[in-house]
Amino acid sequence: MGLRMSKALKLDHPDVTLRPDVRESSVASIEPVRMNNTAEVSTESIPAPQRLAVDVRNVSLTFETADGKVDALSNVSLQIADGEFVSFIGPSGCGKTTMLRVIADLQQPTAGTLLVNGMTAEQARLERRYGYVFQAPALFPWRTIEKNLKLPLEIMGFSDSEQRQRAARYLALVNLTGFERKFPWQLSGGMQQRVSIARALSFDPELLLMDEPFGALDEIVRDHLNEQLLQLWDKTGKTVLFVTHSIPEAVFLSTKIVVMSPRPGRIIDIIDCNFPRVRTLEIRETPEFLKIAQRVRVGLRAGHSYDE
């Protein structure tokens, strides 16, 4: 018999009861295959497994503080396929940013294993396999926009001509051509964050980590940047891991949503968002969108029940 596994992300908490639709999607399907006279199994009907961008197995993280131990993550396991857009959502302090920092090797787990693009998180960091976009743009005010974008390229030793070409390419990708010689204080907050995104992409990493990059922006600007980010994701084909507190933002952007519980951070639900890759804000008014948003709310409420 040929066994074909679904490529869904996996829940990690043993006390969680899967909804029927999640349980069915996470169960492997078995299909018959034709056997030849030599009893060899044909593999023509079995698709090649999709490459994992992130593979987290039973990861926990405990901080030592003056007031004692703080459990930030508890037994987290998830797999993210190459090219997906995965959002992490949960209450403040649930470990969303901590999970992103562990993947980026900015913090080390106290238990479990983690692979990023098939290598350890440390190797991925040293080989610059990911770009990181922080909550604030983190631009140097004394450097022009072009020079801010060039900074990682300078550090990595790219030639001057290559730096210029990449700066022009990625500023165009975020619709900021013509602002090369402006300074950060001359740009709006949304434009500054677009520079930060272009800088994170400038050395062509396979993975883009985004820690609530639009949280400080007003709703109109945020909606516009959400649309631009989807277009950017579609053009580049990057794997994106995105932290947010906004349910509509998570549903609009994602192929999958990871719902996390209050500390210690655990995964409450994994929700597929099977919308077209190219989508507009109008999709937020559809029954399918509202149904997924409601499921996220149910997951967040279920997460709070652990502390009751």
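The values are calculated or read from the model by the stated rules, or taken from the named source; none is laboratory data. Here the structure is a predicted model, which is why all the values come from computation and not from measurement. A quick note on method: Cβ atoms are made from the backbone with ideal geometry, for glycine too, and the neighbour counts reach across all protein chains shown.
When the stretch 282-308 is filtered for residues that are over 20 Å from the mean Cα position of the chain (by Cα) and either among the aliphatic types (A, V, I, L, M) or under 25 Å from G93 (Cβ atoms) (or both), the ones remaining, listed by number, are I283, L290, Q294, V298, R301, A302, G303, H304, S305, Y306, D307, E308.
Condition (residue is within 25 Å of Q135 (Cα to Cα) and in contact with a Gly (Cβ under 9 Å, 6 or more places away or on another chain)) applied to the stretch 271-282: is it met by at least one residue? So far as the stretch 271-282 goes, yes, one or more of its residues are within 25 Å of Q135 (Cα to Cα) and in contact with a Gly (Cβ under 9 Å, 6 or more places away or on another chain). V76 - would you say it is free of Cβ contacts under 8 Å to residues at least 60 places away in the same chain, within 27 Å of I247 (Cβ to Cβ), β-branched (V, I, T) and surrounded by 15 or more Cβ atoms within 10 Å (Cβ to Cβ)? The answer is no for V76.
Within the stretch 124-153, the residues that satisfy the criterion of being at pLDDT below 95 and farther than 27 Å from G215 by Cβ are L126, E127. Of all residue pairs spaced 6 or more apart or on separate chains, those with beta-carbon atoms under 9 Å, a first member in the stretch 79-92 that is in a loop (DSSP other than H, G, I, E, B) and a second member that is surrounded by fewer than 23 Cβ atoms within 10 Å (Cβ to Cβ) and among the polar types (S, T, N, Q) are D82/Q50; D82/N117; G83/Q50; G83/T255; E84/T255. Considering the stretch 224-279, and only residues there that are β-branched (V, I, T) and part of a loop (DSSP other than H, G, I, E, B), the residue that is modelled with the lowest pLDDT turns out to be V278. Of all residues in the stretch 138-157, those being buried (at least 16 other Cβ atoms within 10 Å of the Cβ), over 20 Å from I103 (Cα atoms) and in contact (Cβ under 8 Å) with a residue 24 or more places away in the chain number 8.
Does the stretch 238-250 include one or more residues that are among the hydroxyl-bearing types (S, T, Y), under 17 Å from I80 (Cα atoms) and surrounded by 20 or more Cβ atoms within 10 Å (Cβ to Cβ)?
Checked the stretch 238-250: at least one residue is among the hydroxyl-bearing types (S, T, Y), under 17 Å from I80 (Cα atoms) and surrounded by 20 or more Cβ atoms within 10 Å (Cβ to Cβ).
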